[in-house]
């Protein structure tokens with residue numbers, strides 16, 4: 001397509017691309033009329049010149065239209081999903097999806113795998129014996145209609161342009177662009193055919209976005225895409241300077257989610273899960289104030305309906321639902337050993353990214369897309385930031401099978417954990433709401 | 001190559017790439033380890049972030065090393081070439097190469113074809129019956145050793161990375177970058193194994209570089225690459241706001257060159273040819289001042305040795321040398337008609353680019369790389385800028401075979417030529433020398 005060169009030139013020179021321009025570029029790319037080397041030059045021009053809000057929404061629309069958009073009109077419930085930009089120990093999906101479904105929402109959740117120091121929802125689900133994260137779209141829709149929630153991996157049907165573009169971005173140093181990240185996430189989420197979306201934009205060392213400014217910008221851009229697409233979106237910017245919850249590692253995190261659904265979850269994990277679920281209830285029009293929405297979460301949790309719904313989802317997707325009562329049915333590491341403190345004081349910091357790398361060293365995470373992970377291994381913290389600690393007392397436990405990288409995992413943990421003589425003021429976990437006023441629910 | 005992504009990132013973020021970085025990128029591209037989509041992302045990053053002088057020289061070196069570098073050590077004469085960035089009616093190579101060779105230089109001239117409104121040396125040579133511009137490198141070297149000059153088209157042997165990169169630049173809107181243009185030209189010229197190079201950087205509407213600033217920047221960058229490569233380079237910035245000489249069109253330009261070698265050339269064409277040849281004599285160490293070098297040019301021209309050498313080169317490359325005496329052996333258009341002035345006054349301007357498009361409409365130029373050109377057709381001006389003109393008097397003649405675009409050629413000429421009531425001050429044709437002091441010749 002001769003016009004592709006013109007459009008690349010337009011963006012290269014700082015011009016604005018129109019809705020029709022994006023439709024031609026993405027359509028042309030999918031039809032093979034725009035070459036991948038043209039797409040990558042365009043991606044670099046976008047990386048360096050940026051896209052404004054209107055352009056980002058139009059790019060998202062073009063990517064969305066590259067594939068199937070789910071039609072959920074036969075489901076009467078409000079269709080609301082949650083998406084997180086990912087972090088270390090970030091396991092809220094397994095808590096939120098059952099509680100939101102138990103609370104009257106339909107949650108069509110299509111998730112990704114983990115890469116590098118971050119874990120992925122799919123990898124956690126895959127540690128549940130029998131759980132099928134590769135349902136076809138029709139089966140996914142049947143489970144969703146029956147249980148109110150279904151959790152699967154990305155398929156070739158939805159927003160295939162995103163897969164093509166992401167593969168190019170990955171090898172052309174054009175990943176870390178707020179408009180491109182926003183369009184990538186939102187094209188996949190909007191393809192789910194949802195009414196509303198709660199976003200969890202992580203910020204800090206363990207997150208993809210390291211600074212508050214970047215995280216806020218990403219949240220704002222995704223919210224603006226939602227608005228352009230007439231889909232209600234609210235984003236929370238949440239802390240990822242330390243792992244979320246105590247467990248890092250797939251089966252270990254599943255256990256922590258079940259514990260949370262049983263009312264025994266760690267405070268910060270519970271807080272983020274509760275707030276995001278409440279946003280979903282509000283956006284879905286199930287409740288009309290955050291206070292009421294939070295109380296709905298609390299009631300479902302206390303009643304055990306969330307746990308029951310989780311078991312129901314596992315069952316519906318072919319998994320062993322009995323794991324919620326019998327953790328021995330989950331993969332378990334052959335070895336466990338404590339990681340003890342060398343000094344006394346207070347836990348001042350547990351640096352998330354380095355903990356993520358420590359878990360990856362044990363085999364819990366992927367170094368490359370084709371790495372094989374061990375679902376059983378990981379790290380479970382016995383202490384949280386702010387807790388007092390005595391010399392010789394365990395800070396966490398390492399669960400391992402392959403000892404070859406145990407030393408490097410220990411060295412990383414040594415580096416990640418800081419102990420101070422005084423207790424520091426606790427950091428809030430929910431940092432910002434974007435937009436600050438929750439958009440009105442379904443009326 | 002994973003490292004390619006890192007190197008793209010480095011340039012994307014405004015960092016400097018090292019000599020080794022460029023060697024890896026270009027080497028990897030040629031070996032297929034760096035994908036074309038990575039190269040195009042890098043090209044866009046270079047386009048927008050730039051390259052400094054050292055980086056441009058290192059990129060040039062890497063491109064140069066992607067292929068064969070000619071070894072001219074068995075030729076005892078100073079090896080000096082001339083390169084022009086191209087324009088309308090720019091035919092100096094056919095005058096300079098014979099005179100420089102007759103004056104004691106070896107001129108290994110590898111040229112390109114014309115595209116768009118600009119003509120190419122190769123197309124002009126191809127209009128000479130029998131002239132072979134596709135000699136293999138060995139035959140090229142034999143002709144060079146025997147006659148002191150040889151003129152061929154680009155081969156796959158020399159700087160093949162340039163061909164790969166140029167093909168990508170053409171379709172990814174990354175052509176108009178001074179570092180990339182400089183590296184492209186200089187890698188091909190340095191691969192000729194020359195001691196020195198005279199550059200003709202055209203400026204104005206008919207040139208690739210439209211402004212003096214751009215032209216100066218390109219000239220400076222190419223001179224700095226020469227310095228880094230220990231090759232003496234001087235660039236002249238010359239005017240291309242009007243066509244150079246009277247003829248535009250391939251065989252018509254060959255005739256004009258022969259006329260010039262016979263001492264009957266138009267003033268500005270003669271001036272540019274003389275100055276560039278004198279720079280070559282000086283850089284080659286044949287003369288030690290511009291005055292002496294110019295006088296050498298004048299002597300060779302007056303003696304007829306330049307014309308004789310041109311016939312010798314034609315003969316050596318398989319062409320009919322008798323064309324220098326009998327122009328009827330050259331392709332001739334079937335139709336000729338005058339383009340007359342509608343008003344009286346003085347020729348105030350002959351806008352080069354539009355004249356180039358008019359000649360292209362007649363079939364003299366290529367719209368696309370695969371267009372077929374007609375060697376016979378074109379335009380010959382009877383008047384030059386500054387000449388008085390009467391209403392009804394011919395300004396130029398159109399030579400044509402296919403009348404289908406005659407009207408559009410006429411309309412373009414109408415647009416290109418301006419007549420004013422007063423004679424304007426003449427514009428100099430040689431505008432700048434870069435660097436201003438000619439580097440010393442071979443001692």
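Details
- Taken as Cα centroids, the stretch B:411-426 and the stretch A:66-87 sit 66 Å apart, rounded to the nearest whole angstrom.
- Relative to the compact-globule estimate of 2.2 N^0.38 Å, the Cα radius of gyration of the stretch A:331-420 comes out at 1.08.
- Other-copy label distances relative to residue A:211, 7 angstrom Cα-Cβ extension, nm: 3.2
- Pairwise label distance in nanometres, residue A:315 with residue A:382, each label 7 Å out on the Cα-Cβ vector: 3.7 nm
- Contact order, relative form, for the stretch A:301-443: 30 percent (alpha carbon pairs under 8 Å, 6 or more residues apart, mean separation divided by residue count).
- Cβ-vector label at 7 Å, residue A:410, separations to other copies in nm: 9.3
- For the segment A:343-354, counting C-beta atoms of other chains within 10 Å of every residue's C-beta and taking the mean gives 0.
- Taking a point 7 Å from the Cα of residue B:134 along the Cα-to-Cβ direction, the residues of the stretch B:305-344 with backbone N closer than 18 Å to it are B:317-320.
- The protein assembly as shown: Rg to Rh, with Rh as the Kirkwood radius over Cα pairs: 1.13
- Ellipticity at 222 nm from helices only: DSSP H runs of n ≥ 4 in chain B, each -39500 (n - 2.57), divided by the residue count, give -14000 deg cm²/dmol.
- Cα gyration tensor, the stretch B:4-50 - rounded (a/c under 1.5), prolate or oblate: oblate
- Exercise: per-residue mean of other protein chain Cβ atoms within 10 Å, A:170-177: 6
- Remark: label point of residue B:53 defined 7 Å out from Cα along the Cα-Cβ vector; separations to the same position in other copies 4.7 nm, ascending.
- Computed label-point distance, nm, for sites residue A:295 and residue A:334 using a 7 Å Cα→Cβ extension: 5.4 nm
- For the pair residue A:23 and residue A:271 in one chain, pulling the backbone fully straight at 0.36 nm per residue adds 85.2 nm over the alpha carbon distance.
- Cα gyration tensor shape of chain A, rounded if a/c is under 1.5, else prolate or oblate by comparing a/b with b/c: prolate
- To the nearest ten degrees, helix B:93-102 and the longest principal axis of the Cα atoms of chain B are 80 degrees apart.
- Between 0 and 90°, nearest 10: helix B:267-283 axis offset from chain B longest Cα axis: 30 degrees
- Put the Cα centre of the stretch A:112-178 next to the Cα centre of the stretch A:363-404 and the gap is 25 Å.
- Cβ neighbours within 10 Å from other chains - mean over B:31-44: 6
- The mean sequence separation of alpha-carbon pairs under 8 Å and at least six residues apart, normalised by the residue count of chain A, gives a relative contact order of 20 percent.
- Compared with the direct C-alpha span, the chain from residue B:166 to residue B:348 gains 61.8 nm at full extension, assuming 0.36 nm per residue.
- Ranked packing of A:149-161, B:234-246, most packed first, by mean Cβ within 10 Å: B:234-246, A:149-161
- Three-way shape call for the stretch B:279-404 based on the alpha-carbon gyration tensor, with the a/c threshold at 1.5: oblate
- Sorted peptide list for A:58-64, B:14-20, criterion being average Cβ within 10 angstrom, highest first: A:58-64, B:14-20
- Segment residue B:414..residue B:53, full-extension length gain: 125.7 nm, with 0.36 nm per residue of separation and the alpha-carbon distance subtracted.
- The simple Förster model, with R0 at 56 Å and r as the Cβ-Cβ distance, assigns residue B:228 and residue A:264 a FRET efficiency of 0.20.
- Two-site FRET efficiency, residue A:146 against residue A:288, from Cβ-Cβ distance with R₀ of 30 Å, rounded to 0.05: 0.60
- Relative to the longest principal axis of the Cα atoms of chain A, the long axis of helix A:406-416 lies at roughly 80 degrees.
Since every read-out is calculated from the coordinates, none of them should be taken as a lab result. Only a predicted model underlies this, so the values are computations on that prediction, with no experimental measurement involved. Positions of Cβ are generated from backbone atoms using ideal geometry, with glycine treated the same way; all protein chains shown enter the neighbour counts.
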